[in-house]
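Peer 1: The structure follows.
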Amino acid sequence: MSYVVVGGGLAAAKAVEALRDEGYQGPVTLIGAETDRPYERPPLSKGLLLGTDEPDSPFVHSLAWYDEHHVDLRLGATVTAVDRSARVVRLAGGDEIAYERLLLATGSSPRPLPVPGGERALLLRTLADSHRISEAVTPATRLVVVGAGWIGLEVAAAMRSRGAQVTVVGATALPLQKVLGDEMASVFADLHRAHGTELRLGTHVTEVTATEVVLADGTRLPADVVVAGIGVTPNVGLATEAGLTVDNGVLVSSSLASSDPDIFAAGDIANIEHAFLGHRVRVEHWDVAIHTGQAAARAMLGREVAYDRLPYFFTDQYDLGMEYTGSAPLDAEVLVRGDVGAREFIAFWLVDGRVVAGMNVNIWDVADRIGDLIRSRAVIDRKRLTDPAVELGSVLG
Ligand SMILES: Cc1cc2nc3c(=O)[nH]c(=O)nc-3n(C[C@H](O)[C@H](O)[C@H](O)COP(=O)(O)OP(=O)(O)OC[C@H]3O[C@@H](n4cnc5c(N)ncnc54)[C@H](O)[C@@H]3O)c2cc1C
């Protein structure tokens, strides 16, 4: 059996690692369009922008690791087509690589800012992007960040911490409003304002000039540097052209298999039949890239896989660190244990009295307990849930 993994990101790296960890000794090829070997992206908007992380820290494995594990690492190589009948992938330049089982882990691309002058806005996806932004910003910089989602807020926090004058422009009335709902989104709005970042919310950018960002109401914000973080698009072109079923990502079963049983998908592009949630999820987060990459590798080896890991993500902004476990609709009830004002609390989202998601803010080592509450599907005693004196692990009694 020969395994080919397309995409040189985290999901791809974790998949080839899992193939070897599971004892597979045959040929493995990893093909990535970037010239850097696989790395983790979260530090690109945090420690690497702040200058607190070592430049080499984001890499998943050393270069030697790929040699030692006999992984044929093809960097700077773009796959242009998957030929399912010939069972080969074609590379730009004409090379063909045969596969018996194929994993697509092509990730996402940031959306460019779709306004006149939008190409002036820097985007953040790669190490090179992160270096470019880092070098462009000094304490004297007037930085405008377009987009009040995770990436935009993290860039704002890092650069404000480095002394830049920062304005964040967001389309909704609160940052992250569509992810967290009003109450918890306010925590992030307060956090950024408390650190001196200006928030321009409920508006949008109509133009970027050499010196300004123009808003819908005509306001002109002076800008030396503009960064846009307005979301990403999953890279599903290869899958679509290969005739796989694609609908908001590559549709995969709970064993990460696509509509072709020899082609699997993992990471940002995988729209997974989730074995616990009972519906499809496509999650653009670090933890999902790790675990779907590993799960896909096991499934490719013929192991039984039913992906049921709860969605999980984290962020670090200024002195706020948080983890979010599960997934909640926006109309879910929110209950809090701890002190929101002090930014040290756990928020729970409930549907029909059951916990469906939890976010721990500056409280650590509780994400697994939150996961247990979600997995129990038990109707929760609200008093015990919100009482910090009751151990989270014994809320269920
Ligand atoms: C700046 C930043 C900060 C983030 N912070 C967090 C965070 O704090 N918490 C969190 O949970 N998540 C975070 N994320 C999200 C997380 O990094 C992604 O979900 C994760 O990287 C997805 O991994 P992936 O392997 O699916 O795709 P990617 O990491 O996007 O890797 C895909 C790779 O495939 C390559 N590729 C694409 N097409 C081809 C082709 N045709 N041929 C060859 N190669 C190809 C691409 O060049 C890319 O290198 C962050 C993302 C960014 C950009």
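Peer 1: Is it true that some residue in the stretch 83-95 is within 30 Å of G152 (Cβ to Cβ), more than 10 Å from the ligand (Cβ to nearest atom) and at pLDDT below 95?
Peer 2: no
Peer 1: Tell me yes or no: at least one residue of the stretch 135-155 is in contact with a Lys or Arg (Cβ under 7 Å, 6 or more places away or on another chain), outside any loop (DSSP other than H, G, I, E, B), acidic (D, E) and surrounded by 17 or more Cβ atoms within 10 Å (Cβ to Cβ).
Peer 2: yes
Peer 1: While we're here: Would you pick out the residues in the stretch 269-284 that are part of a loop (DSSP other than H, G, I, E, B) and either out of contact with any strand residue (DSSP E or B) (no Cβ under 9 Å at 6 or more places or on another chain) or surrounded by fewer than 17 Cβ atoms within 10 Å (Cβ to Cβ) (or both)?
Peer 2: If the condition is that a residue be part of a loop (DSSP other than H, G, I, E, B) and either out of contact with any strand residue (DSSP E or B) (no Cβ under 9 Å at 6 or more places or on another chain) or surrounded by fewer than 17 Cβ atoms within 10 Å (Cβ to Cβ) (or both), then A275, F276, L277, G278, H279 are the ones that fit.
Peer 1: Moving to a separate point now. Against the condition buried (at least 17 other Cβ atoms within 10 Å of the Cβ) and of a type in the set (K, R), how does R200 come out, does it pass?
Peer 2: Yes.
Peer 1: Among residues belonging to the stretch 32-51 that are more than 28 Å from R160 (Cα to Cα) and of a type outside the set (A, V, I, L, M, F, W, C), point out the one that is surrounded by the most Cβ atoms within 10 Å (Cβ to Cβ).
Peer 2: P38
Peer 1: Kindly establish whether V155 is outside the structural domain of S253 (by TED's automatic domain parsing), within 22 Å of the chain's Cα centre (by Cα) and away from the ligand (no atom under 12 Å from the Cβ).
Peer 2: no
Peer 1: With the structure loaded, tell me whether E68 is at pLDDT 95 or above, over 16 Å from L10 (Cα atoms) and surrounded by fewer than 16 Cβ atoms within 10 Å (Cβ to Cβ) or whether it fails that test.
Peer 2: yes
Peer 1: Here's a check for you: in the stretch 255-268, which residue that is in contact (Cβ under 8 Å) with a residue 24 or more places away in the chain and part of a loop (DSSP other than H, G, I, E, B) is nearest to the ligand (Cβ to nearest atom)?
Peer 2: The selected residue is A266.
Peer 1: Which condition number does L396 fail, the rest of (1) without any contact (Cβ under 8 Å) to a residue 60 or more places away in the chain; (2) within 16 Å of the ligand (Cβ to nearest atom) being met?
Peer 2: (2)
Peer 1: List, please: which pairs have Cβ atoms under 9 Å, are six or more places apart or on different chains, and start with a residue in the stretch 93-104 that is closer than 17 Å to G293 by Cβ and end with one that is aromatic (F, W, Y)?
Peer 2: The qualifying pairs are Y99/Y3; R101/Y3; R101/F264; L102/Y3; L102/F264; L103/Y3; L103/F264; L104/F264.
Peer 1: Something else now. Can you run down the residue pairs with Cβ atoms below 9 Å, 6 or more apart or on separate chains, where the first is in the stretch 1-28 and at pLDDT below 95 and the partner is part of a helix (DSSP H, G or I) and crowded, with 20+ Cβ neighbours inside 10 Å?
Peer 2: M1/M300
Peer 1: Would you be able to tell me the number of residues in the stretch 1-31 that are surrounded by 19 or more Cβ atoms within 10 Å (Cβ to Cβ) and more than 18 Å from A266 (Cα to Cα)?
Peer 2: Residues meeting the conditions: 0.
Peer 1: Report yes if P116 is in contact with an Asp or Glu (Cβ under 6 Å, 6 or more places away or on another chain), more than 16 Å from the ligand (Cβ to nearest atom) and either free of Cβ contacts under 8 Å to residues at least 12 places away in the same chain or not in a strand (DSSP E or B) (or both), otherwise no.
Peer 2: So P116 passes the test.
Peer 1: Only one of these is crowded, with 20+ Cβ neighbours inside 10 Å, over 14 Å from the mean Cα position of the chain (by Cα) and not assigned by TED's automatic domain parsing to the domain that holds D182: A332, A266, A296, A342. Name it.
Peer 2: A296
The values are calculated or read from the model by the stated rules, or taken from the named source; none is laboratory data. All values reported here derive from a predicted model rather than from experimental measurement. Virtual Cβ from ideal backbone geometry, glycine too; neighbours counted across all protein chains shown.
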